[in-house]
Amino acid sequence: MLLMATGIGVWVRPLLPEEHKAHETVQLVQLVIGMLVTFAALVLGLMTASAKSSFDTASNDVRSYAAELIEFDTTLRELGAGADESRRLLSQYTAAAIASTWPREPAPSGDYPRDLGPPGTPERLENVRLGDMLTLVGRQLSELRPPDPLQQRALDDALSRYRRVVDARWKIIEEAHSSISQPFFKTLTFWLGVIFLSFGLIAPRNALALVTIMLGAVSIASAIYVIVDLDSPFTGPIVISSMPLRDTLAHLRR
């Protein structure tokens, strides 16, 4: 789009009357473009910092979620044989969550639901069947009847850990959505289009100037692409690592 705007400027320039090419007019255009460039640079910097911060937050929360799953499994082990089915279901849930969230990576081995169907969100993180699997774990725990006070305390701890796991899961699901405001993003795109249109109007007609404008357009477009990709932490080339949950799955299967 930026190159198209530049091309329009180059095409329109010969059609302009001579008074529109006067030195004072060119100076005014350069002044306005300088102001827009300053605003666009500031906005791009803020968007980059915000997208990187959101990506890092989601990445840290995935690691925290993995730790919560390990601690939850540890409390289930303390309940003994009565929680074996819950532990098995938790392991299946973790494997299915990995396969659903990172579909481009090799799926974990083992027996777990693989035909989960379309995910509930574009980020491939929420799925009704995945939620049902985790809900069933909590239901199984609620049906346990500990034989002594020690086991009752272990069950209470397990239920508390379960609620923390559910809260952490929903936090990650909410963070997976894009936080970039579309009206704001369209306004920035309009600014950049005006800037490169003006470049086409005032740029000298030589190869070096045109190549420089093209490189600038490609550089800015790639920066915006990275910003948009970082703002969607579970899709695109730049995604959050699945290793924390894969390490968790290896722990659950021990």
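The values are calculated or read from the model by the stated rules, or taken from the named source; none is laboratory data. All values derive from a computational prediction rather than experimental measurement. Glycine also receives a Cβ, built like all others from the backbone with ideal geometry; neighbour counts cover every protein chain displayed. Protein only, heavy atoms only, side chains kept; ligands, DNA and RNA dropped before computing areas. Shrake-Rupley method; radii C 1.70, N 1.55, O 1.52, S 1.80 Å.
Computed about its Cα centre, the charge dipole of the chain is approximately 320 debye, with only Lys, Arg, Asp and Glu carrying charge at their Cβ. Think of it as helices only: each DSSP H run of n ≥ 4 in the chain is worth -39500 (n - 2.57), and spread over all residues that comes to -25000 deg cm²/dmol at 222 nm. Rounded to the nearest 10 degrees, the angle from helix 149-175 to the longest Cα principal axis of the chain is 20 degrees.
Computing FRET efficiency as 1/(1 + (r/R0)^6) for Leu150 and Arg77, where r is the C-beta to C-beta distance and R0 is 22 Å, gives about 0.95. If you fit an axis through the alpha-carbon atoms of helix 243-252 and take the longest principal axis of the Cα set of the chain, what angle between them do you get, 0 to 90°, nearest 10? Rounded to the nearest ten degrees, it is 10. Here is the list for the range 142-210: GluC sites (Glu not before Pro) lying in DSSP coil, each with at most 13 other C-beta atoms within 10 angstrom of its C-beta, are Glu143.
For the chain, the longest principal axis of the Cα atoms and the long axis of helix 128-142 meet at an angle of about 30 degrees. Comparing Phe190, Leu159, Leu230 along the charge dipole axis of the range 154-230, the residue lying farthest to the positive side is Phe190, per the Cβ-charge model. Per residue, the solvent-accessible area of the range 117-225 (1.4 Å probe, heavy atoms of protein chains only, all protein chains present) comes to 59 Å².
Taken along the Cα-to-beta-carbon direction at a fixed 7 Å, the label points for Glu174 and Glu85 span 3.3 nm. State the extension gain, in nm to one decimal, for the chain segment bounded by Val228 and Ser181, taking 0.36 nm per residue of separation less the distance between their alpha-carbons. Result: 15.8 nm gained on full extension. The Cα atoms of the chain give a gyration tensor whose axes a ≥ b ≥ c have a/c of 1.5 or more with a/b greater than b/c, which makes the shape prolate.
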